[in-house]
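Bear in mind that the values in this text are calculations on the coordinates, not laboratory data. Just so it is clear, the model here is predicted, and its values are computed rather than measured. Quick reminder, even Gly has a Cβ in these numbers, built from the backbone with ideal geometry, and neighbours come from all protein chains shown.
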Amino acid sequence: MTLLIARELPELAPGHALAAEWDALVAATPESGFMQSIAWAGFKRAQGLDVMHLGVYQGERLVGGAIAYAAPLPGGLLVSPEGPVLPWADEALAHAGMRVLHEAFAEVATRRGAIAWRVEPRLLPPSPRPLRSFKRAPVDLLPSETLYLDLTPGPEQVLAAMHPKGRYNVRLAGRKGVVVEALPPGEGLDLLYEALGQAAMRHGFFLEPRAFFATLLDTLNPTVHVAWHGDQFLGAHLMVTHGRRATYLYGGVTGLERNRMAGYALQWAAIRHAHAAGCDTYDFYGFDPFGRPDHLYASFSRFKRQFGGQAVQFIGAQEHFFLDRLADAVVRAVQEIGW
């Protein structure tokens, strides 16, 4: 096997040749996703995070890498959600790629004073050999359980395979006059935030500030669907597509005309939109397959379950502590306490 090397890549903007090469690699890696994309890196920069991008090369061919995010302060973690991007099906190549990435991020950590590198690839358990030196992190930044809906059979077959209640409510929304439209890229902030605000109050979940969604729409160009009955606004849905997977990231309905099942109409419109865009998987992003009442996604999972699909559980966040940096942090803490 040709020797692998890791190179620190410059800040890339969408449209750059290397950015297109990287995004194509991410899109072709099912264990990765849009949070390793150039657009997401731009979103994180706009939020004020530092972005470190390493590419793994075999000769002159880009075969892997990782984007890591960190707060612009000394210490802390380097975090690679949905990364690293590696050829996981080829264990030997993935192992070699992880080794050079680990060495390169150790150097980055030394420069920044970071104590650990946390990764969250979409890998099924058990953890593979390339992650043997990593330990399970105490908390996941991304849902480790989700629901995948296979879009390859086509919309009619997807509808036929739904739970009967889900299929009934999708059709009921149509009979009750709910109309869903996909907005042009970058539009829909006010409507989206209105729907999410009402849903957050109703269900008691934390909602990011409006500026978060403004930046998200500006940098990521997600698809926003909105539902109407006449001139009454009923709800909104935000979906991100990257490669052949579409992800339902945010959504909510207002308190108006709840009996018209606008939430089902929004999901069904997004599913059909994803299929038309060439996606073969629709990711419901966060799901409780066991019906646990105390689960973070308990109430949402009851709704998502109506659309069918396959529950998937990943290995979750894994982290590796750079022992020299950790030792320094312990020494500093002891000195500050005065022991």
key: Nearest 10 degrees, 0 to 90: helix 262-276 Cα axis against the chain principal axis   = 60
inquiry  = How far apart, in nanometres, would the label points at I5 and F303 be if each is projected 7 angstrom from Cα along the Cα-to-Cβ direction?
reply    = 5.1
query = Among F205, T152, F290, whose Cα lies farthest out toward the positive end of the dipole of the range 145-313, if unit charges sit on the beta carbon of Lys, Arg (+1) and Asp, Glu (-1)?
reply = F290
key: 3J(HN,Hα) from dihedral phi, the range 48-54, Karplus parametrisation 6.51/-1.76/1.60, rounded to Hz, x for glycine, proline   = x, 8, 7, 10, 10, 10, 10
ask   = ³J(HN,Hα) across the range 206-214 via Karplus (A = 6.51, B = -1.76, C = 1.60, θ = phi - 60°), whole Hz, x for Gly/Pro?
value = 6, 10, 4, x, 4, 4, 4, 6, 4
ask   = Using a cut-off of 17 Å between alpha-carbon atoms, which lysines can reach K165, once sequence neighbours fewer than 8 places away in the same chain are excluded?
value = K176, K304
ask   = For the chain, what is the relative contact order in percent, using Cα pairs closer than 8 Å and at least 6 residues apart in sequence?
value = 21
remark   = Taking placed amide H atoms and a strict 5 Å upper bound, the residues 5 or more places from G83 or on another chain that come that close are E120
message = Angle check, please: helix 323-337 long axis (alpha carbons) against the longest principal axis of the chain (alpha carbons), in degrees 0 to 90, nearest 10.
response = 90
query = So how many Å³ per residue does the convex hull of the Cα atoms of the chain work out to?
reply = 152
key: About the Cα centre, charge dipole magnitude for the chain (Lys/Arg +1, Asp/Glu -1 at Cβ), debye   = 980
message = Once you place label points 7 Å from the Cα toward the Cβ at L18 and S133, how far apart are they in nm?
response = 2.5
key: Zone residues, the range 159-189, relative to A214, backbone N less than 20 Å from point 7 Å out along Cα-to-Cβ   = 184-189
message = For a Förster distance of 30 Å, can you work out the FRET efficiency between the beta-carbons of D231 and H163, rounded to the nearest 0.05?
response = 0.40
message = At a 10 Å Cβ-Cβ cut-off, how would you order W22, W117, W228, fewest neighbours first?
response = W228, W22, W117
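Given the DSSP H assignment, sum -39500 (n - 2.57) over each helix run of at least 4 residues in the chain and divide by its residue total; what's the result at 222 nm in deg cm²/dmol, nearest 500?
Theoretical 222 nm ellipticity from helices: -11500 deg cm²/dmol.
How big is the dipole moment of the range 145-313 about its Cα centre under a simple scheme where the beta carbon of each Lys and Arg is +1, that of each Asp and Glu is -1, and everything else is neutral? Debye, nearest 20, please. Walk me through the numbers on the way to the answer.
Working: 16 positive and 15 negative charges, 140 e Å.
It works out to roughly 680 debye.
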note = The helix 189-203 Cα axis meets the longest alpha-carbon principal axis of the chain at an angle in degrees, between 0 and 90 and rounded to 10, of 90
remark   = Per-residue Cβ contact counts at 10 Å, fewest first, order T146, T223, T152 as T152, T223, T146
request  = Under 1.5 on a/c is rounded, so check that first for the range 145-313, then, if it is not, pick prolate when a/b is larger than b/c and oblate when it is not; a ≥ b ≥ c are the square roots of the alpha carbon gyration tensor eigenvalues.
outcome  = rounded
request  = Let me know the shape class of the range 205-254, please: from the alpha-carbon gyration tensor, a ≥ b ≥ c as square roots of the eigenvalues, rounded when a/c is under 1.5, otherwise prolate if a/b is greater than b/c, or oblate.
outcome  = oblate
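Two decimals is fine: what's Rg over Rh for the range 131-212, C-alpha atoms, Kirkwood radius as Rh?
That ratio equals 1.07.
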request  = Could you go through the range 240-247 in sequence order and give the Karplus-derived ³J(HN,Hα) for each residue, using 6.51 cos²θ - 1.76 cosθ + 1.60 with θ = phi - 60°, rounded to whole Hz, and x for Gly and Pro?
outcome  = 10, 10, 8, x, 9, 10, 10, 10
